[in-house]
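Everything below concerns the one structure shown next.
The values are calculated or read from the model by the stated rules, or taken from the named source; none is laboratory data. Note that the structure is predicted; figures quoted are calculated from it, not measured. All Cβ positions, even for glycine, are placed from backbone atoms using ideal geometry, and neighbour counts span all protein chains on display.
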Amino acid sequence: MQKPKKDKVSYLCTECGDSFAKWYGQCPSCKAWNSLSENRFAESPAGSSAGPAEGAKLITSTTTAEPLVKTGLRQFDQILGGGVMAGAVILIGGEPGIGKSTLLLEVLRSAAGVYVTGEESLAQVHARAARLGLKDNLDIVQGNSLAQIFEYVHAKKSKLVLIDSIQTTYTDQRTGFAGSPAQIREVTQRIVEFAKSNQVAFLIAGHITKDGQIAGPKLLEHAVDTVIYFEQNPTSRYRFLRAVKNRFGATGDVAIFEMTATGFREIENADSLLPVQEIGGIGSCLFPQLEGTRVMPLEIQVLVTPTGFANGRRIGENIELSRIHLIAAILEKFCSLKLSQCDIFVRVNGGTQLSEPAGDLALLCAMASSYLEKPLQKGRAVAGQVSLTGEIRAAGGLEERRRALDAWNVSNALWGGAAAVSEIRRGEKFVQLIERELPFL
């Protein structure tokens with residue numbers, strides 16, 4: 001009598017996606033602790049294979065290119081290189097309640113497609129669609145089985161599929177509950193294969209963990225064409241779409257939306273986020289940050305006060321603390337400002353984090369202004385990299401920043417580095433050394 005075959009067991013890392021024959025406390029590949037989870041699946045019968053059959057035809061290029069699908073959201077289309085390309089798999093991650101489902105429904109306002117909900121009932125989705133003012137004949141289905149989704153899409157011959165969400169979709173080809181690393185890995189791989197072979201575009205919503213990463217193995221992000229994070233400024237109603245992986249456009253591109261009762265409203269002018277003309281004064285400085293191909297206005301606010309402790313405190317909002325320590329040390333070294341005896345509080349306004357190295361000079365100016373109690377000129381943009389040797393170097397993307405300042409009606413700017421006299425515009429100044437140029441405050 002033949003014994004029944006046991007399930008094959010492997011251990012999958014939820015961080016990097018690698019699998020191993022036995023369990024480890026620390027992943028041998030990515031060195032993450034307690035990231036391996038058990039993965040069981042039945043062995044395929046002899047002569048069969050769960051993957052593509054041996055000798056299957058390869059996908060060859062077609063003579064006619066499929067037109068891009070316009071989502072109706074201009075900034076979203078710009079991130080995707082002009083629209084959704086046929087066969088593209090796009091992953092949108094964000095916190096619960098940030099508006100992922102609303103964004104997918106907004107796409108159906110201008111584009112025909114199948115909306116698959118695995119988290120809500122059809123009544124809930126139709127109620128949201130009615131609130132957004134969408135038409136009644138939307139193709140909305142409820143289901144979690146990937147095989148049934150593929151059958152429905154194939155029967156409808158749809159070229160656009162919106163899935164909400166990847167964590168609720170499962171396949172019978174792999175054991176485990178929906179949302180487990182093994183299921184997410186298998187579902188993602190099969191969606192990519194279906195999309196490429198049938199020239200069907202997929203927009204997929206995904207949850208994120210408490211660390212701000214999309215839940216599931218890293219293979220999920222590696223396999224798809226574009227990864228877009230949906231971010232929110234807790235102090236405002238604005239939403240930011242930021243591309244962190246993009247095969248169709250620039251990585252780092254940002255789209256700005258305002259959440260309203262009837263859906264999303266695009267914010268065309270970034271200067272509407274902040275009153276750029278009023279930024280200035282003691283401890284306040286305007287920095288034009290380059291985000292992909294777009295320039296975002298940020299206000300850097302710094303408060304420097306005498307400390308009541310042996311060592312001064314450093315507290316920052318939307319900025320890394322190490323950066324505050326670095327600029328404070330540079331000012332103390334080259335400008336003799338006793339910042340080690342002071343508490344320094346930094347806040348970055350504008351809905352995004354101060355991430356560009358060119359923001360060093362703006363942070364330095366705001367910090368020195370607060371310490372010396374000397375106001376900075378209002379409506380003046382500052383950008384430049386500050387080195388540990390006291391040099392101020394040029395910021396990249398100078399022409400993009402200049403065009404943004406022209407759109408914001410900002411004529412005064414302080415740039416790091418040097419430039420020929422013929423290249424300096426009216427209202428601009430270039431600085432190179434901190435020690436010599438501190439009077440620019």
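Brief remarks on what is shown
- Here residue 71 clears all of (1) closer than 28 Å to residue 233 by Cα; (2) free of Cβ contacts under 8 Å to residues at least 40 places away in the same chain; (3) hydroxyl-bearing (Ser, Thr, Tyr) except the condition numbered (2).
- Taking the numbered list (1) of a type in the set (Ser, Thr, Tyr); (2) surrounded by 18 or more Cβ atoms within 10 Å (Cβ to Cβ); (3) within 27 Å of residue 409 (Cβ to Cβ) in turn, residue 229 passes all entries but (3).
- Matching entry among 189, 199 (being within 24 Å of the chain's Cα centre (by Cα) and either surrounded by fewer than 17 Cβ atoms within 10 Å (Cβ to Cβ) or not basic (Lys, Arg) (or both)): 189
- Of all residues in segment 241-289 being assigned to a strand (DSSP E or B) and among the polar types (S, T, N, Q), the one that is nearest to the chain's Cα centre (by Cα): 246
- Of all residues making up segment 92-124, the number that are among the aliphatic types (A, V, I, L, M), in contact (Cβ under 8 Å) with a residue 60 or more places away in the chain and in contact with an Asp or Glu (Cβ under 7 Å, 6 or more places away or on another chain): 1
- Candidate set: segment 290-323, residues that are part of a strand (DSSP E or B) and acidic (Asp, Glu); chosen: the one surrounded by the fewest Cβ atoms within 10 Å (Cβ to Cβ): 317
- Residue count for segment 1-29, restricted to those that are in contact with an Asp or Glu (Cβ under 7 Å, 6 or more places away or on another chain), part of a loop (DSSP other than H, G, I, E, B) and either at pLDDT below 80 or among the aliphatic types (A, V, I, L, M) (or both): 1
- Hits in segment 397-416 (condition: among the small types (Gly, Ala, Ser) and either surrounded by 14 or more Cβ atoms within 10 Å (Cβ to Cβ) or not assigned by TED's automatic domain parsing to the domain that holds residue 328 (or both)): 397, 404, 411, 413, 416
- In the set (1) at pLDDT 85 or above; (2) touching a Leu at 6+ places or on another chain (Cβ under 7 Å), the condition left unmet by residue 87 is number (2).
- Only one of 223, 201, 178 that is of a type in the set (Gly, Ala, Ser), modelled with pLDDT of 90 or more and under 26 Å from residue 106 (Cβ atoms): 201
- Of all positions in segment 205-218, at least one carries a residue that is in the same structural domain as residue 115 (by TED's automatic domain parsing), of a type in the set (Gly, Ala, Ser) and at pLDDT 90 or above.
- Of the set (1) touching a helix residue (DSSP H, G or I) at 6+ places or on another chain (Cβ under 9 Å); (2) not assigned by TED's automatic domain parsing to the domain that holds residue 110, all apply to residue 264 but (2).
- Residue 360 being in contact with a helix residue (DSSP H, G or I) (Cβ under 7 Å, 6 or more places away or on another chain) and of a type in the set (Asp, Glu): yes
- Selection status of residue 147, farther than 29 Å from residue 263 by Cβ, surrounded by fewer than 17 Cβ atoms within 10 Å (Cβ to Cβ) and touching an Asp or Glu at 6+ places or on another chain (Cβ under 8 Å): yes
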